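Throughout, read-outs are computed from the coordinates displayed, never taken from laboratory work. It should be emphasised that the depicted structure is a prediction, and the values quoted were computed from it without experimental measurement. Neighbour counts run over all protein chains shown; Cβ positions are idealised from the backbone, glycine included.
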């Protein structure tokens with residue numbers, strides 16, 4: 001998908017907060033071989049690398065636009081490369097992923113597949129947005145079903161593959177994981193108005209729709225914006241954002 005780093009970074013501080021909660025779950029040890037799946041523009045991967053002394057950290061992303069930005073953070077012990085996180089190869093002491101696994105399908109297969117890539121004693125630490133039932137997501141899915149857009153989209157709808165916390169805990173247990181921590185947290189964002197919420201999702205959830213809509217992209221956003229103003233009137237507006245965080249370790 002053609003990501004727009006500038007659009008994504010319009011809410012950079014809000015998007016960064018869950019990263020620090022995830023980073024707090026990481027057992028920071030020296031001399032690790034670590035990978036950040038979905039590294040984006042690299043700023044946060046650089047902070048991860050700073051927490052892991054004398055370690056080799058790889059930032060992996062499928063977006064050329066994001067990797068172009070990330071390149072400036074490359075240094076000894078930190079490299080960035082293109083790749084599909086769902087096809088991760090190699091063996092790792094830490095597999096870290098902040099707000100990226102939601103773009104890969106079939107988590108019931110993906111989580112064990114990634115966990116298997118850990119070295120004995122290795123750690124798996126993940127944060128996944130779980131906000132797909134928020135009114136903003138309901139509205140853009142409904143809008144995509146309107147005939148004007150549906151015909152151009154050819155019926156496309158992106159359904160989030162995100163599971164619930166019980167299912168992630170069960171998957172990790174079935175993998176034989178130890179020290180399993182799984183929880184969901186609501187990040188309480190106060191936005192200027194509903195237009196700001198539309199700007200937020202324009203940098204993430206709407207990207208695969210934009211890729212397919214071409215010249216209709218503007219009308220699609222305008223339609224969503226109008227409905228959102230009715231659904232979330234006034235100023236400011238409260239935007240509760242659900243996210244799932246989990247950590248587990250492979251037995252030594």
Self-check item: Percentage relative contact order, segment 105-252, counting C-alpha pairs under 8 Å, at least six apart
Solution: 45 percent
Practice problem: Please report 166, 84, 56 as a ranked list, fewest other C-beta atoms within 10 angstrom at the top and most at the bottom. | Solution: 166, 84, 56
Self-check item: Neighbour-count ranking [beta-carbon atoms within 10 angstrom, fewest first] of 43, 147, 219
Solution: 147, 219, 43
Practice problem: Return 187, 239, 140 ranked ascending by Cβ neighbour count within 10 Å, so the fewest neighbours appear first. | Solution: 187, 239, 140
Quiz item: By how many degrees, between 0 and 90 and to the nearest 10, does the Cα long axis of helix 217-231 differ from the longest principal axis of the chain?
Solution: 80 degrees
Practice problem: Give the percent of DSSP beta bridges with both residues in the chain that are antiparallel, rounded to the nearest 5. | Solution: 50 percent
Quiz item: Out of 97, 62, 151, any idea which swings most in a Gaussian network model of the chain, alpha carbons joined below 10 Å?
Solution: 151
Quiz prompt | Two-decimal Rg to Rh for segment 1-154 - Kirkwood Rh, Cα set | solution = 1.01
Practice problem: Report, please, the projected area of segment 82-144 averaged over directions, based on the convex hull of its C-alpha atoms, in nm². | Solution: 5.4 nm²
Quiz item: Can you give the relative contact order of segment 5-249 as a percent, counting alpha carbon pairs under 8 Å and 6+ residues apart?
Solution: 21 percent
Quiz prompt | Rounded, prolate or oblate (a/c below 1.5 giving rounded, otherwise prolate when a/b exceeds b/c) for segment 196-252 by Cα gyration tensor | solution = oblate
